[in-house]
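A short reminder: the numbers here are calculations on the coordinates, not readings from a lab. Note that the structure is predicted; figures quoted are calculated from it, not measured. Using ideal geometry, Cβ is built from the backbone for each residue, glycine included, and neighbour counts are taken over all protein chains shown.
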């Protein structure tokens with residue numbers, strides 16, 4: 001007997017295989033599925049930043065990014081360690097390998113609030129990844145995030161009237177930075193399919209796009225593995 005989840009996985013896999021292009025929106029849930037949680041005072045944070053936690057009273061990576069350090073040297077110490085451990089030493093996870101396999105050679109563009117550059121390290125082109133809030137490197141140097149609105153507009157102009165799959169990965173149900181624009185895009189594009197992966201309590205699909213949407217509830221790493229598997 002085929003379960004509801006298996007049926008939705010099958011529908012999502014078919015939509016992705018038949019897509020002319022894929023627009024990906026990714027947020028914290030994707031990073032968390034890899035084991036990188038900017039909000040957590042967890043084992044990983046304490047192993048890497050435990051001494052800085054005691055020294056400065058920071059309790060997460062996001063806390064450390066926006067902490068007012070007493071000196072530039074302290075500021076640099078935190079960011080140098082963050083960039084070394086989370087960016088430079090990063091080895092693409094199975095999550096990213098599965099995502100790369102799912103996209104394959106199809107045209108794509110990625111919008112993300114993640115600052116870790118993991119998508120580029122996994123083989124996605126930097127020209128087609130827009131970190132809309134910047135990267136850790138940019139944040140550490142006080143640089144303005146790069147604006148790739150023109151590239152996004154060109155992508156949507158080229159593929160908007162085709163079989164466009166909007167693939168949403170780990171974006172909170174109330175997110176307005178990426179999720180709201182993606183839902184609005186799904187509403188106005190007649191041939192779009194909206195696929196959202198998240199924990200059950202973070203899944204949200206408005207009634208207006210329900211007929212063209214697929215909700216894949218559960219652990220993102222597990223769901224991507226199932227989407228990438230050959231059936």
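Values as computed for the structure displayed
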| item | result |
| --- | --- |
| Counting DSSP beta bridges with both ends in the chain, the antiparallel % (nearest 5) | 0 percent |
| GNM result for the chain, Cα springs below 10 Å: residue of 46, 28, 198 fluctuating most strongly | 46 |
| Folded to 0 to 90 degrees: helix 4-18 orientation relative to the chain principal axis, Cα | 90 degrees |
| At 1.567 mPa s and 4 °C, Stokes diffusion of the stretch 43-88 via Kirkwood alpha-carbon radius, µm² per second | 123 µm²/s |
| Order of 157, 69 - criterion: other Cβ atoms within 10 Å of each residue's Cβ, fewest first | 157, 69 |
| Quarter of Cα convex hull surface for the chain, i.e. mean projection, nm² | 13.3 nm² |
| Relative contact order of the chain, defined on C-alpha pairs under 8 angstrom at six or more residues apart (%) | 28 percent |
| Folded to 0 to 90 degrees: helix 94-103 orientation relative to the chain principal axis, Cα | 40 degrees |
| Cα-based Kirkwood hydrodynamic radius, the stretch 71-199, one decimal, Å | 16.2 Å |
| Folded to 0 to 90 degrees: helix 149-159 orientation relative to the chain principal axis, Cα | 20 degrees |
| Computed label-point distance, nm, for sites residue 67 and residue 173 using a 7 Å Cα→Cβ extension | 3.3 nm |
| Mean Cβ neighbour count within 10 Å, used as a protection proxy, ranking 163-171, 210-218 highest first | 163-171, 210-218 |
| Chain lengthening between residue 85 and residue 201 when straightened (0.36 nm per residue, less Cα-Cα) | 38.7 nm |
